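Q: Can you keep this structure in mind? I'll have questions shortly.
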There are 2 protein chains.
Amino acid sequence: MTHPRRGHAGRTGRRGGESGTRDAILSAARHRFGEHGYDGATIRAIAADAGVDAALVYHFFGSKERLFASVMRLPIIPGDVVEAALAAGARDSTRSPGEHLVLAMLTAWDQAEMRSTFLGLLRSALTSEQAAVMLRQFVADTILGRVALAARSAGADVSGDARYRASLVGSQVVGLVLARYVLQVEPLATASPAELAAAVGPTLDRYLTGDFG
Amino acid sequence: MTHPRRGHAGRTGRRGGESGTRDAILSAARHRFGEHGYDGATIRAIAADAGVDAALVYHFFGSKERLFASVMRLPIIPGDVVEAALAAGARDSTRSPGEHLVLAMLTAWDQAEMRSTFLGLLRSALTSEQAAVMLRQFVADTILGRVALAARSAGADVSGDARYRASLVGSQVVGLVLARYVLQVEPLATASPAELAAAVGPTLDRYLTGDFG
DNA sequence: TGTTGAATTCTACGGCTGTTGAATTTCCCT
DNA sequence: AGGGAAATTCAACAGCCGTAGAATTCAACA
């Protein structure tokens, strides 16, 4: 009576064929972390999504924290995207640096995998102080640093307020992302990237090189 | 051996004097919800902060959800603050409506009680879909509605893009709040309200009445 | 002085959590 | 053919969670 079918056989034990289970777990984890944050995502739910027992997650990743770290290893480096956008804006006369920045951000966030990863980081940072410190450090090092550099080279900067300018840029970007992808405020959530670039790009340009107190 | 001392007597039973326990619970709950969000805050921790048994929280409030609702009843109405700021900006020539808006926001957020309440709402909205719907509804009704109204009356609006403008304003405000009070990005977290008003106010003015695609 | 009702705590239940160790099945290499 | 390694599941642990009920103490009023 025990004729093992492919997928869920007798009970325990190895399955036939290439399983790809590890990747299934990673994908499910990215989804769950993205939707519910670190604390809200449970190992059992992730395992269930991947069609697998919870213990297998531990076999592969050792702990929830290490699973989170594995998931949050980004497939692209955000700092490079920012730098490319700023460089493109400097030589392309049809669009300003700010507009390029908005477009680059929205393009990255519109890829499902990226969006889940970023959302997971953001949601976790908002509920756990530990995650907040990590995210702050990461953003300061890889993103705000490059923006500050661009601000310094583009505009005529007297004092060292480049970091101030960069943080203003960051505040508008994170607010846009939050309103569009998390809160899904309605005209914003469905507006086209080009439309948003036209609306928000000049704000970033002014923060980067404009004149204010 | 059982001489009951004021504060924590024999064991169970009522304590002497006016306890003010209910308010202590409310205050502790506001703190906890603000720091950790709805899920992260536990009844037992709230009770411990208030120096009280967890069951007493249920005696007073019935359930965690009802406690949350009691805490989140705001002492002031944000919509009124927004309206007052916009009105002041219209007749006061030394500061624009956008600058008034920023100042009003920062003033509200700098009161500890307000900040905890708002943070609780925000953090909860970011991890629970249910809370997100509630917050979105609330913000749309009481805040974005008034901003949209102001945009419509102030600028020359052809189509019904007032909601679009209002949501842009909202995105910059929420981003500023997030960067300053949650992530505590450094030049922003300690900048003076006046400084931020000068930097961010014109952005809001442009979103309200400016020209873009 | 009782009696009633509110304030307060103790104890416990069932459910969910991250995590572990043993058992089982399959694959791959010799 | 056989044996070791990998993949997979089951069952259980201790701990925390929200919540409910009973017991106790105090205050106020008749």
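The values are calculated or read from the model by the stated rules, or taken from the named source; none is laboratory data. Every value quoted in this text rests on a predicted model; they were computed, and no experiment measured them. Please note: Cβ atoms are built from the backbone with ideal geometry, for glycine as well, and neighbour counts cover all protein chains shown. When the accessible area is computed, the model is the full protein with side chains, heavy atoms only, and any ligands, DNA or RNA have been set aside. Shrake-Rupley method; radii C 1.70, N 1.55, O 1.52, S 1.80 Å.
Q: Pairs only if they're at least six apart or on different chains, beta carbon under 7 angstrom, first in segment B:95-117 and at negative phi, second of a type in the set (Lys, Arg); list them, first residue then second.
A: Close Cβ pairs (under 7 Å, with a partner that is of a type in the set (Lys, Arg)) amount to B:TRP109/B:ARG115; B:GLU113/B:ARG30; B:SER116/B:ARG30; B:THR117/B:ARG30.
Q: Just to be sure, is A:LEU103 part of a loop (DSSP other than H, G, I, E, B) and open to solvent by less than 70 Å² (accessible area, probe 1.4 Å)?
A: Numbers: part of a loop (DSSP other than H, G, I, E, B): no; open to solvent by less than 70 Å² (accessible area, probe 1.4 Å): yes.
Taking the combined requirement at face value, the residue does not satisfy it.
Q: Looking only at segment B:188-208, decide whether some residue is open to solvent by 30 Å² or more (accessible area, probe 1.4 Å), basic (Lys, Arg) and either touching a helix residue (DSSP H, G or I) at 6+ places or on another chain (Cβ under 6 Å) or at pLDDT below 90 (or both).
A: no
Q: May I ask you to list pairs of residues, at least six apart or on different chains, whose Cβ atoms are under 8 Å apart, with the first in segment B:38-57 being within 17 Å of B:SER116 (Cβ to Cβ) and the second being more than 9 Å from DNA strand C (Cβ to nearest atom) and not in a helix (DSSP H, G or I)?
A: Within 8 Å, the pairs are B:TYR38/B:SER128; B:ASP39/B:SER128; B:GLY40/A:SER128.
Q: If A:GLY20 satisfies all but one of (1) modelled with pLDDT of 90 or more; (2) exposed (fewer than 14 other Cβ atoms within 10 Å of the Cβ), what's the number of the condition it fails?
A: Only one criterion is unmet by A:GLY20, namely (1).
Q: B:LEU86 is checked against (1) in contact with a His (Cβ under 9 Å, 6 or more places away or on another chain); (2) not assigned by TED's automatic domain parsing to the domain that holds B:VAL139 and fails just one. What number does that condition carry?
A: Single failed check for B:LEU86: (2).
Q: Give the residue that is nearest to the other protein chains (Cβ to nearest Cβ), with candidates limited to residues of segment A:100-147 that are in contact with a Pro (Cβ under 8 Å, 6 or more places away or on another chain) and among the charged types (D, E, K, R).
A: The qualifying residue nearest to the other protein chains (Cβ to nearest Cβ) is A:ASP110.
Q: Is it the case, given these coordinates, that B:ASP92 is assigned by TED's automatic domain parsing to the domain that holds B:ASP205 and either hydrophobic (A, V, I, L, M, F, W, C) or under 22 Å from B:LEU178 (Cβ atoms) (or both)?
A: On the way: assigned by TED's automatic domain parsing to the domain that holds B:ASP205: yes; either hydrophobic (A, V, I, L, M, F, W, C) or under 22 Å from B:LEU178 (Cβ atoms) (or both): no.
Taking the combined requirement at face value, the residue does not satisfy it.
Q: From A:ALA131, A:ALA140, A:ALA197, which residue is closer than 26 Å to B:VAL169 by Cβ and of a type in the set (Gly, Ala, Ser)?
A: Working: A:ALA131 fails: closer than 26 Å to B:VAL169 by Cβ; A:ALA140 fails: closer than 26 Å to B:VAL169 by Cβ.
Matching residue, one of A:ALA131, A:ALA140, A:ALA197: A:ALA197.
Q: Same structure again: How about segment A:106-184: which helices (runs of 4 or more DSSP H) wholly inside it have at least 3 residues that are crowded, with 23+ Cβ neighbours inside 10 Å?
A: Values: elements: A:112-127, A:129-139, A:145-154, A:162-177.
Hits in segment A:106-184: A:112-127, A:145-154, A:162-177.
Q: Hey, can you tell me all the residues within segment A:181-199 that are in contact (Cβ under 8 Å) with a residue 60 or more places away in the chain and more than 7 Å from every other protein chain (Cβ to nearest Cβ)? Don't jump to the end; show me each part of the working.
A: Taking segment A:181-199 and keeping what is in contact (Cβ under 8 Å) with a residue 60 or more places away in the chain, we get A:181-182, A:193-194, A:196-198.
Hits for segment A:181-199 are A:TYR181, A:PRO193, A:ALA194, A:LEU196, A:ALA197.
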